[in-house]
Each structure stands twice: as C-alpha cells, then as structure tokens.
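The values are calculated or read from the model by the stated rules, or taken from the named source; none is laboratory data. In this text, all values refer to a predicted model and were calculated from it rather than measured experimentally. Here the Cβ positions follow ideal geometry from the backbone for every residue, glycine too, while neighbour counts run over all protein chains shown.
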Amino acid sequence: MKILVCISNVPDTTAKISFSDGDTKFNKSGVQFICGPYDDYALSRAVELKEEHGGTVTVLNVGEADADPVIRKCLAIGADDAIRVDAEPSDSYFVAQQIAHIAQQEKYDLILMGRESLDFNSGVVHGLVGEMLGIPAVSPVMHLTIAGNTASLTREIEGGKQEIEATLPLVLGCQEPIAEWKIPSMRGIVSARTKPLKVVAPTGEALSTVEKYALPPAKGAVKMIPVEQVESLVDLLRNEAKVL
Amino acid sequence: MSVLVFAELENGQVKKSSIEAIYYGALVAKATQSTAKVLAIGASNSDTLSQLGNWGASEVLWLQETWDSAQIAAYAHALADAVAQEQSAFVIVAKSVLGDAVAASVAAKHKAALATNVVALPDHAAGVTVKRSIYTGKAFATVKLHTAVKVLSIKKNAVTPEANAGVAEVKHWQPSSNAANTGIKLVATHKASSTVALPEADLVVSAGRGLKGPENWGIVEDLAKALGAATACSKPVSDLNWRPHHEHVGQTGLKVAPNLYIACGISGAIQHLAGVNSSKVIVVINKDPEAPFFKAADYGIVGDVFEVLPRLTKALQ
C-alpha cells in the first residue's frame, strides 16, 4: 500500500500569537514550530498501516526550508521518504493544488492529513484534493482499518459519529483517536538523516491573499461573585449580560 | 447574478446555523444589488421553506432527495450545478461537517476562492475581503478573494438574524445531471439523544476534571436542563472516557461560540480556551482562585462545583 501523508508546520499549541510588519506577517520570533497535531495522528496511523500491510509512507509538506526539521521528525517516526514543495502555503487552494499535482504523478492508495491545520484551521484541503483528483474525501476520521481494497472508517459528526465503508483510493482528514502519537526512537532519528527529502518547485497560484492580521480585543476584567451570593449570578446573566 | 445559500435540513426543518447563513446571504445580496437564493436538499414542505423569506431569501430551490450526510459528492454536485445555473457570485454555507466538505468540493469544481470560519460580512471597498478567525480563535485575518465565484463558510454568530416578513418562492429543482457514484457507503450513524446540539447551542454548560468522575455528571446535566443548554467537557474528561469525544471542546476538539459558556471545574489551559474564546459571555466556577480560566471569564465564582451547581440550578427553576 502506498500512503501519502500531508503535514503542516505550525506554531506550537501554547504559542503566543503576534504579528509584525504592520500586522501583515506572523511574528515567528520565539515561536516553536511543530508538526500539526492532527497531521501527527495521520502519520502515526499511516506508519501502523504500513507495518500491518506493507508498502511505503511518503511525507509531503508545502512549506519553506524552515519546515525541514519537522519533516525530518516525521521521517524519524517511520515515513520512508519526504517531498517538500518549496513555497509558502498561502491558501487552501494553493496547498491542495500542490498535493493533487504530486498525487497525479504517483498513484497513492491513501492520502492522509489532519482534519485541519492548527494555524489557519480551514479544514478544507482534504476536500479540495479529493475533488481535484476525482476521489472521495472524508473527514474527520477517528478510526480507520483497511481490508483489501476497502476502508472501514468512523468519522465524527455533530453530536455523534458515522461508520462508513469506502473503496480506495481515498483522501482522509484525521483526528484522535485514530492512532497513538509516536515518539521517534534513537534508531529512527539516526536513519531519518539519510532518508530522501526531495525539494520540488510549486505549480499554480493561490486564489486568495491575506491583507491584514488582527488580535481579538482584550477581555474586560472578570466580575467575581462571592460564593454566598451564587444565586445573584442568574440575575446578572438575565439583566446585565442579557444572555438568558 | 445571485447569492446562493446552501441550507441544511434536519427533520424537515432548516437548521439554525443555516438560517444564519441565509440571513448573511441576504445581506450580501443587498450589498451587491442581487438576490439571495437558497438550495435546500432533503425532506421538508413548501410552507416551511417559503418562510425562509422572513430571513431575506427570495427563492428556494428545493431538491427532494434524502441523501445521508456521507454523500458529500451528491450534495456538492447539486450545489455546483445550481451555482452554474444561477450564475452565483457568492456561495454561502454555515460551518458544519457537511457544509465545509461541500464548500471545498464546490470551490474546487468552480476554481473559486474559499474562506472558512468567516466572522463578519464581506467588505466591498476594494475588491472583496472577508474577516475570518484563525489560530483557533486567537487571531483574525482579513482575506482578499480574487475569483469571480467566492465560497464562504460562516461561523456561528457572524450575523444576528432579524426576521422581516417575507415569502420566498419555492421551486422544485433538479440538477442537470446526476453525480457519479463515489462508492461511499454509510453503514451506521450513532447520535446522542441529547436535546440540544452542542455546535449550534446558544447556552453551554461544560465541566472538567473538577467533577471527579463520570458518575457526578448529574449536577452538570441538571443545570444544563434548567437552562436549556447543551453539555460539553474538557479534553482530559473525554480522554478518560468520562464523556463522549463529540462533547470535547478545545483546540483539538470542537470550537464553540455560544452566547453563554459556563465552565465548571475546568482550570482553563490555553488549549481549552482556544475552543471557547468566541463565546459572548464566559462564567467560570472553580474552587481554585488561581485557575487561569478566571482571566478569560466575564463572571467568576470561587467555590466547590458540588455546592455551586445545585444552588444555581435551584435558582433557575
């Protein structure tokens, strides 16, 4: 089985978000970058499927050279090789186009990625890629097993879940608990240094551009209610906050 | 030219989030001197659909198919066809599992710029720009859309719908061709029987590890019932299997935007706050006065949830 895992290089979940250059650029200084947590789940499941069924796992990132440490970590976790499309991942359509372009050259049985990236949270790249390739895309997938040409999967929907059967090839957006996150072993880290990481030029253009960033307005001070007067909260919510 | 809104039906009714999308679409239509049309797919009735005129829809294209929500390709095929027939400049969906999936497919079919998590009406001053939530609610981006067709997935509370008496013309509608079979087969759907769906809820009562165990959720459910609220939980609670995963609110779970979010026994880690920071009013109840959540709250009570929740419930009844 040939699996492509698309990963994003994103600020750590605890990173303080700020902008520079007149609020037109993300301020990377002092920010730790990680493989998107949802992408990490996708990669872990891909490595498990390879162990179970044989085959290869290729990691794909659309990003600049500063994404290489995160790509190497994915190789250390168990991917066989990696491709980096050398470009800023400027919008969902642009990223999807790169993935579809590569998938058209190499036929993959499964294209896995996180349900959304942790920076722009668009959650549409899997859907765009599926449409571009003319194959089904399903998200967010919580369980995935493969038997022959058939995938059995569970995805989350509002207030519950759906069990779905589908035929490969497929594009899937993944989330927990599809697999346990894997920590790279010492052997994995050493072998990752020599695994192939191919850098390729991008194709096509983005359809949207960010003009400006902004932070949310600061929250006002909290109004503390003494525990003896718990009941007064109801009145405050009704008449002051007007939410009841 | 038109603005086309994709409306989701549930038990014959238009989902609340779709009403917001229709109202949003009507305001976009007004700003661009065009009309707001709705594509509704599923079982319903003409009376219900004609009432969408109250929210600004001039016409409803009604496709009476009862596809399950896993048939994304069928929904997307129909919507993309309607976009072509109606020459829509804007396609509006409400953010949901189905809505975002359909939006992505339609954007790819029409090579249209796509913005999700949109929080405000478009600005038409120089081209078309929209404000969207990014970094899990920790920031916003103003995004310029460069294509003739623009697809927007709007977040809850992007607009506050106000009804104005109106009647939409309901037309029975069919796509010009059928979608190819994608081989996606829905085997089973498991849905919680809770009365209020969390993603759409205006009021949410959420609880964390401070509840000490799943057997203690009765006091959370009682408060939620007294309020007519949905229940939610923190990530540790879902990881421990005290509550189902679809109730998990936070950076890697559901992002909610209710009018009122009551957090009980949740310390307020930055990852949890990321899932709730779009809430209008936040109430935090925690026995630890140093809990970081108080800094993000509008109202705070330092106290034991086992004492505070039943008293609140009683005060509401």
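What the table shows:
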read-out	value
Sole residue being under 18 Å from the mean Cα position of the chain (by Cα) and under 20 Å from A:HIS101 (Cα atoms), chosen from A:VAL70, A:VAL59	A:VAL59
2 or more residues crowded, with 21+ Cβ neighbours inside 10 Å and more than 10 Å from chain B (Cβ to nearest Cβ): qualifying helices (runs of 4 or more DSSP H) within the range A:61-166	A:68-77, A:92-105
Residue ID - surrounded by the fewest Cβ atoms within 10 Å (Cβ to Cβ), chosen from residues in the range A:35-60 that are within 13 Å of A:LYS73 (Cβ to Cβ) and among the acidic types (Asp, Glu)	A:ASP40
Test: residue in the range B:274-281 that is facing chain A (nearest Cβ under 9 Å), within 22 Å of A:GLN229 (Cα to Cα), without any contact (Cβ under 8 Å) to a residue 60 or more places away in the chain and part of a strand (DSSP E or B)	yes
Which numbered condition B:PHE140 misses (of (1) modelled with pLDDT of 95 or more; (2) closer than 19 Å to B:ALA7 by Cβ)	(2)
Residue within the range B:260-271 that is facing chain A (nearest Cβ under 8 Å) and more than 22 Å from A:GLY220 (Cβ to Cβ) present	yes
Cross-chain or 6+ apart pairs with Cβ under 6 Å, the range A:1-25 first and within 13 Å of chain B (Cβ to nearest Cβ), then among the basic types (Lys, Arg)	A:ILE17/B:LYS138; A:ASP23/A:LYS212
Residue list for the range B:1-16, restricted to those being surrounded by fewer than 24 Cβ atoms within 10 Å (Cβ to Cβ) and within 30 Å of B:ALA126 (Cβ to Cβ)	B:MET1, B:SER2
Options B:GLY42, B:GLY53: the member that is small (Gly, Ala, Ser), within 17 Å of B:ALA163 (Cα to Cα) and surrounded by fewer than 24 Cβ atoms within 10 Å (Cβ to Cβ)	B:GLY53
Test: residue in the range B:282-294 that is touching a residue at least 24 places away in the same chain (Cβ under 8 Å), in a strand (DSSP E or B), of a type in the set (S, T, N, Q) and more than 8 Å from chain A (Cβ to nearest Cβ)	yes
Close pairs from the range B:68-82: first assigned by TED's automatic domain parsing to the domain that holds B:ILE92, partner in a helix (DSSP H, G or I) and among the polar types (S, T, N, Q), Cβ under 9 Å, at least 6 apart	B:ILE72/B:SER105; B:ALA73/B:SER105; B:TYR75/B:SER105; B:ALA76/B:SER105; B:HIS77/B:SER105; B:LEU79/B:SER105; B:ALA80/B:SER105
Subset of the range B:186-214 (residues that are among the hydroxyl-bearing types (Ser, Thr, Tyr) and away from chain A (no Cβ under 14 Å))	B:SER206
Matching residues in the range A:185-222 - criterion: being outside any loop (DSSP other than H, G, I, E, B), more than 10 Å from every other protein chain (Cβ to nearest Cβ) and of a type outside the set (A, V, I, L, M, F, W, C)	A:ARG187, A:GLY188, A:SER191, A:LYS198
Residue in the range B:218-227 that is touching a strand residue (DSSP E or B) at 6+ places or on another chain (Cβ under 8 Å), surrounded by 20 or more Cβ atoms within 10 Å (Cβ to Cβ) and part of a loop (DSSP other than H, G, I, E, B) present	no
Leading residue by the ranking (surrounded by the most Cβ atoms within 10 Å (Cβ to Cβ)) among those in the range B:122-169 that are within 12 Å of chain A (Cβ to nearest Cβ) and of a type in the set (Ser, Thr, Tyr)	B:SER153
Total residues in the range A:23-50, condition in a loop (DSSP other than H, G, I, E, B) and of a type in the set (A, V, I, L, M)	1
